[in-house]
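Colleague: Sharing a structure below in structure tokens format, with a few things to ask.
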Amino acid sequence: MTSARKQKLLLYLVLMIVLVAGASFQHFYSNAKVDRCLDAGGSYDFDAKVCVI
């Protein structure tokens, strides 16, 4: 395997890790937002994406 090919594979690996991490962060952040709302005694409106207390 050539050095250029190794660099390209490493670049693809890093890009995939960044994409997966970004998607995971967004998912966990939205779940935490809903959880905080429910813990405060409210209900979460998923259509408007707001907490209704």
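The values are calculated or read from the model by the stated rules, or taken from the named source; none is laboratory data. Just so it is clear, the model here is predicted, and its values are computed rather than measured. Methodologically, a virtual Cβ is constructed for each residue, glycine included, from the backbone with ideal geometry; neighbour enumeration extends over all protein chains shown.
Colleague: Among the residues of the range 28-46, write down those that are surrounded by 10 or more Cβ atoms within 10 Å (Cβ to Cβ) and charged (D, E, K, R).
Modeller: Lys33, Asp35, Arg36, Asp45
A quick yes/no check of all residues on (1) basic (Lys, Arg); (2) exposed (fewer than 10 other Cβ atoms within 10 Å of the Cβ); (3) modelled with pLDDT of 95 or more; (4) out of contact with any His (no Cβ under 8 Å at 6 or more places or on another chain):
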residue	(1), (2), (3), (4)
Met1	no, yes, no, yes
Leu13	no, no, yes, yes
Ala23	no, no, no, yes
Gln26	no, no, no, yes
Ala48	no, yes, yes, yes
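Colleague: When you scan the range 31-44, do you find a residue that is aromatic (Phe, Trp, Tyr) and part of a helix (DSSP H, G or I), even just one? Step through it out loud before you land on a result.
Modeller: So in the range 31-44, the residues aromatic (Phe, Trp, Tyr) come out as 44.
After this cut, where a residue has to be part of a helix (DSSP H, G or I) as well, the list is none.
For the range 31-44, residues aromatic (Phe, Trp, Tyr) and part of a helix (DSSP H, G or I): absent.
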